[in-house]
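Beneath this line is the structure, given in structure tokens, with notes to follow.
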Amino acid sequence: MRNPIIVALDVPTADRALELATQLAPVVGAVKVGKELFTSAGPEIVRRLRATGAAVFLDLKFHDIPNTVARAVEAAVRLDVQMLTVHTTGGLVMLQAAEQAAQTEARRLGRTPLLVLGVTVLTSLDDAALAELGVNGTAAEQVARLGRLAAKAGLRGLVCSPLEISLLRAALPAEMQLVTPGIRPPGAGQDDQRRTLTPCEALAAGANWLVIGRPICAVPDPRAAAEQILAGLEAPR
Ligand code: C5P
């Protein structure tokens, strides 16, 4: 089985990120670099993480005019990342430009195209916050609408909350990769996540990748925590 665990390196320094990645690279499927780490440590941290053997998910949620996003995606391909995020609210043409840039630059370099993941509705936004932005209907309807837009643009993956997995599975082609944060192993604290699934529940619901941060990185033995989660996934269910 491909290892579906993506560990979120939500740490402020390159040293701490590298320490975690070195311990965890053999037992996770990828590491996620977000805005905090990238803004403090820059593209060099991505090169150094790749050198540990870890696949890298660059979670910068690009949202701009199509040309700007396409050039940023090309730069990410040259950094040799395996996944990145864009906001689907950038619109159809921006999403098409992102996917095309990923494919064209990978072909030019002889690499496998990275997975461009669409972000639909931030889980921090509820129906009332969406109404303030001029969005009619519920957050769930907007998630489905933007998911379909991403598929129409040719995107091969989406980020979604655990509670959106079944709705998106029903609305989208089966090949769409779903990447899900909000995962808590049985017995782990919730932190600030409000609606979580366990790793097994999320995979059973149809997730392909599980983004897990604090339950691995903020415990005394991150390697043991990741191994335990993986063992729980491999055990017969
Ligand atoms: O520590 P924890 O497992 O909650 O980390 C989850 C990761 O997934 C963090 O990097 C967080 O920013 C990200 N994320 C999330 N919820 C979303 C989108 C991204 O928790 N809706």
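The values are calculated or read from the model by the stated rules, or taken from the named source; none is laboratory data. Bear in mind the structure is a predicted one, so any value in this text is a computation, not a measurement. Here the Cβ positions follow ideal geometry from the backbone for every residue, glycine too, while neighbour counts run over all protein chains shown. These area figures cover heavy atoms from the full protein model, side chains too; ligands, DNA and RNA do not enter into them. Shrake-Rupley method; radii C 1.70, N 1.55, O 1.52, S 1.80 Å.
Points worth noting:
- Summed over region 105-118, the residues that are touching a residue at least 12 places away in the same chain (Cβ under 8 Å), surrounded by fewer than 15 Cβ atoms within 10 Å (Cβ to Cβ) and assigned to a helix (DSSP H, G or I) give a count of 1.
- None of Thr104, Thr68, Thr52, Thr112 is away from the ligand (no atom under 16 Å from the Cβ), under 13 Å from Leu9 (Cβ atoms) and more than 13 Å from the chain's Cα centre (by Cα) except Thr52.
- Condition check for Leu37: within 16 Å of the ligand (Cβ to nearest atom), more than 14 Å from the chain's Cα centre (by Cα), at pLDDT 95 or above and closer than 16 Å to Pro222 by Cβ: yes
- Any hit, region 180-190, residues being aliphatic (A, V, I, L, M) and more than 16 Å from the chain's Cα centre (by Cα): yes
- Lone qualifier among Ala76, Ala51, Ala129 - being of a type outside the set (Val, Ile, Thr) and farther than 30 Å from Leu24 by Cα: Ala129
- The set of residues in region 43-81 that are within 27 Å of Thr22 (Cα to Cα) and among the acidic types (Asp, Glu) comprises Glu44, Asp59, Glu74, Asp80.
- Within region 119-137, tally of residues that are open to solvent by less than 80 Å² (accessible area, probe 1.4 Å) and either within 16 Å of the ligand (Cβ to nearest atom) or charged (D, E, K, R) (or both): 8
- Leu9 being more than 13 Å from the ligand (Cβ to nearest atom) and either open to solvent by 30 Å² or more (accessible area, probe 1.4 Å) or touching a strand residue (DSSP E or B) at 6+ places or on another chain (Cβ under 9 Å) (or both): no
- Residue, least open to solvent (accessible area, probe 1.4 Å), within region 157-168, restricted to residues that are over 14 Å from His87 (Cα atoms) and more than 13 Å from the ligand (Cβ to nearest atom): Leu168
- Search result, residues across region 177-187 that are open to solvent by 10 Å² or more (accessible area, probe 1.4 Å) and either in contact with a Phe, Trp or Tyr (Cβ under 7 Å, 6 or more places away or on another chain) or closer than 21 Å to Ala101 by Cα (or both): Gln177
- Residue in region 214-234 that is within 11 Å of the ligand (Cβ to nearest atom) and within 30 Å of Met94 (Cα to Cα) present: no
- Positions within region 53-73 being modelled with pLDDT of 95 or more and over 18 Å from Gly34 (Cα atoms), in sequence order: Ile65, Pro66, Asn67, Thr68, Ala70, Arg71
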